[in-house]
Amino acid sequence: MTEVRLARWSADDLALLQQLNAPEVRAHTGGPETDEQVLARHERYLHGPGPRSGHMFTVGLPDGTKVGSVGYWEREWRGEPVYEMGWAVLPAYQGRGLASAAVRALIAEAAAHGDRRHAHAYPAVDHPASNAVCRKAGFTLVGETEFEYPPGHLMRSNDWRIELTGKG
């Protein structure tokens, strides 16, 4: 199994976030953000957890190389308090199972937090790699949905759900 290490987001991770803002990484999430938007996102990640910042982590290799980000945050979905999960991996490291391994570790982290019954992920229906991450990480496909991301833009997404241990 692929080994990754999650580390809480830190002030040193701005450069990683800037690298993840590449067109090929953000193609299914509204495209690259402006420099100001990236800085604002970094600040939210640093000051989380919170309603818009959540619990953010870097994805690292055993040698310490940071290759992506992964996180979960609170939301209400169809009347239920849930966690939403999201991730990104640098293009040079995609296709190696790193995102799936990171999401599995994130599921364990969210389950240990213990205050939501389910976590959901909403990858675009036309994004086979992120949908494969959901399958490999143990999510169940609920179905297609209209999902607002980025804010003000509806996208056709798959709604994937996984049961978390804990309250809910």
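The figures follow:
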| item | result |
| --- | --- |
| Conditions (1) touching a Ser or Thr at 6+ places or on another chain (Cβ under 8 Å); (2) surrounded by 15 or more Cβ atoms within 10 Å (Cβ to Cβ); number of the one not met by R117 | (1) |
| Any hit, region 33-40, residues being under 27 Å from T165 (Cα atoms), open to solvent by less than 20 Å² (accessible area, probe 1.4 Å), in contact with a helix residue (DSSP H, G or I) (Cβ under 7 Å, 6 or more places away or on another chain) and not in a loop (DSSP other than H, G, I, E, B) | no |
| Count - residues of region 141-160 that are open to solvent by less than 100 Å² (accessible area, probe 1.4 Å), out of contact with any Cys (no Cβ under 9 Å at 6 or more places or on another chain) and in contact (Cβ under 8 Å) with a residue 12 or more places away in the chain | 10 |
| Test: residue in region 65-80 that is among the β-branched types (V, I, T) and free of Cβ contacts under 8 Å to residues at least 12 places away in the same chain | yes |
| Subset of region 73-89 (residues that are over 13 Å from A110 (Cβ atoms) and either within 8 Å of the chain's Cα centre (by Cα) or buried (at least 22 other Cβ atoms within 10 Å of the Cβ) (or both)) | A88, V89 |
| Hits in region 14-30 - residues which are out of contact with any His (no Cβ under 7 Å at 6 or more places or on another chain) and surrounded by 12 or more Cβ atoms within 10 Å (Cβ to Cβ) | L16, Q18, Q19, L20, N21, A22, V25, R26, A27, T29 |
| Flag for D63 being open to solvent by 20 Å² or more (accessible area, probe 1.4 Å), at pLDDT 95 or above, acidic (D, E) and touching a helix residue (DSSP H, G or I) at 6+ places or on another chain (Cβ under 9 Å) | no |
| Subset of region 126-168 (residues that are within 13 Å of V103 (Cβ to Cβ) and of a type in the set (G, A, S)) | A129, S130, A132, A137, G138 |
| Close pairs from region 96-116: first under 17 Å from A7 (Cβ atoms) and part of a helix (DSSP H, G or I), partner basic (K, R) and open to solvent by less than 60 Å² (accessible area, probe 1.4 Å), Cβ under 8 Å, at least 6 apart | A110/R116 |
| R44 being modelled with pLDDT under 95, part of a loop (DSSP other than H, G, I, E, B) and either open to solvent by 60 Å² or more (accessible area, probe 1.4 Å) or out of contact with any helix residue (DSSP H, G or I) (no Cβ under 9 Å at 6 or more places or on another chain) (or both) | no |
| First in region 127-139 and touching a residue at least 24 places away in the same chain (Cβ under 8 Å) and outside any loop (DSSP other than H, G, I, E, B), second anywhere and of a type in the set (A, V, I, L, M, F, W, C) and surrounded by 14 or more Cβ atoms within 10 Å (Cβ to Cβ), Cβ under 6 Å, 6 or more apart | V133/A99; V133/V103; C134/A121; C134/W160; A137/V103 |
| Long-range neighbours under 6 Å by Cβ, at least six apart or interchain, first residue closer than 16 Å to G86 by Cα within region 13-41, second among the acidic types (D, E) | N21/E33 |
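The values are calculated or read from the model by the stated rules, or taken from the named source; none is laboratory data. A quick note: this is a predicted structure, and the numbers were derived from the prediction, not measured. Every residue, glycine as well, gets a Cβ built from its backbone with ideal geometry; the counts of neighbours run over all protein chains shown. To get the accessible areas, we keep the full protein, side chains included, count just its heavy atoms, and leave off ligands, DNA and RNA. Shrake-Rupley method; radii C 1.70, N 1.55, O 1.52, S 1.80 Å.
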